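Enquirer: I have a structure here, written as structure tokens, and I will follow up with some questions on it.
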Amino acid sequence: MPYAVEWDSKKDERNQKEKGISFEEAKSAIIQKGPALFQKQIHQGEERFKITARNDQGRLITVVYTLRPQAIRIISAWPASRQERKLFAVVES
């Protein structure tokens, strides 16, 4: 069964203002089927995942999320940095 994707609406609004990416847009990068660059992190004792991938509009973005029992919870999203774009180019080729 596929995971639901969820987020805090106030954090989504703040992310849109600060980084120009909505969590709805970020969701499409998480669930896409194309190439992606993954990294696992531990932050304040919580396992988090970072994905750099293209969203539905073809925009290369990076999303940080965590897994909850019944959902993927988006924490943050931003346009891919120069370093993230370089690493992704290797995966995409």
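Enquirer: Please report, in Å, the Rg and the Dmax of the chain, where both are computed over Cα atoms only.
Expert: 12.7, 37
Enquirer: Next question, about the same structure. Between Arg14 and Gln39, with labels modelled 7 Å along Cα→Cβ, what's the label distance in nm to one decimal, could you check?
Expert: Label-label distance for Arg14 and Gln39, simple model: 2.2 nm.
Enquirer: Another one. How far apart, in nanometres, would the label points at Glu24 and Phe49 be if each is projected 7 angstrom from Cα along the Cα-to-Cβ direction?
Expert: Rounded to a tenth, the inter-label distance reads 2.3 nm.
Enquirer: Ignoring any ligand, DNA or RNA, what whole percent of the accessible area of region 31-93 comes from carbon and sulfur when the probe is 1.4 angstrom?
Expert: 52 percent
Enquirer: Dipole of the chain (Lys/Arg Cβ +1, Asp/Glu Cβ -1, origin at the Cα centre): which of Pro35, Gln83, Gly20 lies farthest to the positive side?
Expert: Comparing the listed Cα positions along the dipole, Gln83 ranks first.
Enquirer: A follow-up question, please. Place a point 7 Å from the Cα of Glu6 along the Cα-to-Cβ direction; which residues of region 36-66 have their backbone N under 15 Å from it?
Expert: Residues 66 qualify, since their backbone N sits under 15 Å from the label point.
Enquirer: Per DSSP H run of n ≥ 4, the term is -39500 (n - 2.57); total these for the chain, divide by its residue number, and report the mean residue ellipticity at 222 nm rounded to 500 deg cm²/dmol.
Expert: Per the formula, -10000 deg cm²/dmol.
Enquirer: Short version: ³J(HN,Hα) in whole Hz for each residue of region 70-75, in order, from phi by Karplus 6.51 cos²θ - 1.76 cosθ + 1.60 (θ = phi - 60°), x for Gly and Pro, what are they?
Expert: Running phi through 6.51 cos²θ - 1.76 cosθ + 1.60 with θ = phi - 60° gives 10, 7, 8, 10, 6, 9 Hz.
Enquirer: Another question, if that's okay. Quick one: Karplus J couplings for region 19-31, per residue in order, coefficients 6.51, -1.76, 1.60, θ = phi - 60°, nearest Hz, x for Gly and Pro?
Expert: Working through the residues one at a time gives 10, x, 10, 7, 6, 5, 5, 5, 4, 5, 6, 5, 9 Hz.
Enquirer: Moving on. Over the chain, with the other protein chains present, what is the accessible area per residue in square angstrom, probe 1.4 angstrom?
Expert: Value for the chain: 65 Å² per residue.
Enquirer: Let me ask you something else. Quick check: residue separation of Arg82 and Leu67 times 0.36 nm, minus the Cα distance between them. What number comes out in nm?
Expert: Between Arg82 and Leu67, full extension yields 2.7 nm more.
The values are calculated or read from the model by the stated rules, or taken from the named source; none is laboratory data. Keep in mind the model is a prediction, meaning the values are calculated, not measured. Quick reminder, even Gly has a Cβ in these numbers, built from the backbone with ideal geometry, and neighbours come from all protein chains shown. Ligands, DNA and RNA are stripped out before the accessible areas are found, and what is left, the full protein with its side chains, is counted by its heavy atoms. Shrake-Rupley method; radii C 1.70, N 1.55, O 1.52, S 1.80 Å.
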